[in-house]
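See structure below.
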Amino acid sequence: MGNGIIEPPIRNALEIRGLSKTYKNDVQAVKDLNLTIHEGEVHALLGPNGAGKTTTIKSVLGFINFNGAISVLGETIDMVRENVSFVPEEKNFYEFLTPRKAIKMCREIIPQFDENRAFEFMKRFSLPMGKKISGFSNGMKTSLYLSICFAQSASLYIFDEPAWGLDPIRKEDVLEIIRDLVIEGKTVLYTSHIITDVEKIADRISIMHDGRILFTGNIDDIKGDFRVFYLPIDFDGLTDLSYLSCQKQRERMILLTSDEKTIEALAQSPEIEVSVPDLEMFFQILLRGENYV
């Protein structure tokens, strides 16, 4: 018998289906990408520079044309834009303004914008309110964008590399604030190439490389479900195995798998070393290896 408690269904804040984007120079930045982000979670889109993360976000926000289908909060982006808050990768705010004037401008053009909350965050980030933004450091520009983003009451917050230029202490403060958004019932999409930041903040992750999603899942499940095996370079049973990725080195192969039969078969050999991957190891093998799921 059950406990009588009916779990509410998981609703999706963002659904991307078959997203592709090719620029004029014939560079295919995103290739038939599928991604689902659940309501009330921090979902980290993790990948190296050039993986296609920013192009994906620009597509979600309707900033560029694309092929595929995207649903934001159950609607098209134009229907819900006022309920989405965004920090871009390029932190190039109107540099002729001061933070004080930037707040006044945002009060006029951004729906659900709390002027007092913006002032509070800028004070917390020690921004000089009377100094022109053109004289700001990279970290100060990031702090300005974050202050404006946090001051908007939205359902979906999208952060593209929000730790850019921040010192370690300020970065920890920002990650804590982002985490608090989910406690308040918000949803967060967070892109980064910094694995330690992702480990601190994400509920689920998607690893992106060369325009494709290679993995989506919970961080805790990586240690629970996956194993790394170190095989001799002349191992001849590879075609009989199921695995997520296999990285070939000079003297050995490194195989990443969650397949129970493969784990059982390889674990029986005392000559094959096995380990439990952390996110850094998982990420490196996945990106450096060949995928044969």
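The values are calculated or read from the model by the stated rules, or taken from the named source; none is laboratory data. Everything numeric in this text was worked out from a predicted model, so none of it was measured. Counting neighbours? That spans all protein chains shown, and the Cβs are built from the backbone with ideal geometry, glycine included. Only protein heavy atoms, including side chains, enter the accessible area calculation; ligands, DNA and RNA are left aside. Shrake-Rupley method; radii C 1.70, N 1.55, O 1.52, S 1.80 Å.
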Dividing the mean separation of Cα pairs under 8 Å (6+ apart) by the residue count of the stretch 1-158 yields a relative contact order in percent of 22 percent
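For the chain, what does the relative contact order come out to in percent, with C-alpha contacts under 8 Å and a separation of six or more? Walk me through the intermediate numbers first.
Numbers: 552 pairs, mean separation 56.4, N = 293.
Value for the chain: 19 percent.
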With the label point 7 Å along the Cα-to-beta-carbon line of D221 and a cut-off under 20 Å to each amide N, the hits in the stretch 40-67 are 40-47
Straight-line reach check, K141, cutoff 13 Å on alpha carbons, 8 or more apart in-chain or any other chain, hits among aspartates and glutamates -> E89, E90, E95, E161, D167
Mean Cβ-within-10 Å packing, highest first, puts peptides 162-171, 258-267, 55-64 in the order 55-64, 162-171, 258-267
Note on the stretch 147-232: the mean projected area of its alpha-carbon convex hull, in nm², is 7.9 nm²
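Round to the nearest 0.05 the FRET efficiency obtained for S20 and N83 when R0 = 22 Å and r is the Cβ-Cβ distance. Could you put the intermediate results ahead of the total?
Values: r = 26 Å, r/R0 = 1.20.
So, using R0 = 22 Å, E works out to roughly 0.25.
Could you calculate the FRET efficiency of K132 with Q112 from 1/(1 + (r/R0)^6), where r is the beta carbon distance between them and R0 is 45 Å, rounded to 0.05? Intermediate values should be presented prior to the final figure.
Numbers: r = 27 Å, r/R0 = 0.60.
E between K132 and Q112, to the nearest 0.05, is 0.95.
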The stretch 210-276: spread of alpha-carbon positions along the three principal axes, whole Å, largest first, is 31, 26, 19
Expressed per residue, the solvent accessible area of the chain in Å² (1.4 Å probe) is about 52 Å²
Sorted largest first, the C-alpha extents of the chain along its principal axes in whole angstrom are 67, 52, 41
For the stretch 169-216, listing GluC sites (Glu not before Pro) in a DSSP loop whose Cβ sees at most 15 other Cβ atoms within 10 Å gives E184
Per GNM of the chain with C-alpha springs under 10 angstrom, the most fluctuating residue out of G224, G237, G18 is G237
Filtering trypsin sites (Lys or Arg not before Pro) in the stretch 224-257 by DSSP loop and by at most 12 other Cβ atoms within 10 Å leaves R250
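Return the carbon/sulfur percentage of the accessible area of the stretch 51-147, one whole number, probe 1.4 Å, all protein chains in place. Show your work: numbers first, answer last.
Working: 2390 of 4980 Å².
C and S fraction of accessible area: 48 percent.
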Dividing the mean separation of Cα pairs under 8 Å (6+ apart) by the residue count of the stretch 218-293 yields a relative contact order in percent of 42 percent
Taking 0.36 nm per residue of separation between K104 and E251 and subtracting their Cα-Cα distance, the length gained on full extension comes to 46.7 nm
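Just the number: Rg to Rh for the stretch 1-143, Cα atoms, Kirkwood Rh, two decimals.
Working: Rg = 19.1 Å, Rh = 18.1 Å.
Rg/Rh: 1.05.
How much mean residue ellipticity at 222 nm does the chain get from its helices, if each DSSP H run of length 4 or more adds -39500 (n - 2.57) and you divide by all residues, to the nearest 500 deg cm²/dmol?
Details: 10 runs with 94 residues, N = 293.
Result for the chain, helices only: -9000 deg cm²/dmol.
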Projected onto the charge dipole of the chain (unit charges on the beta-carbon of Lys, Arg, Asp and Glu, signs +1, +1, -1, -1), the Cα from P277, A151, T54 with the largest positive-side position is that of A151
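Taking the stretch 80-132, which GluC sites (Glu not before Pro) meet the DSSP loop condition and have no more than 12 other C-beta atoms within 10 Å? Walk me through the intermediate numbers first.
Values: sites: E82, E89, E90, E95, E108, E115, E120; in loops: E89, E90, E95.
Hits after loop and neighbour filter: E90, E95.
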In whole angstrom, the spacing between the Cα centers of the stretch 76-146 and the stretch 149-182 equals 13 Å
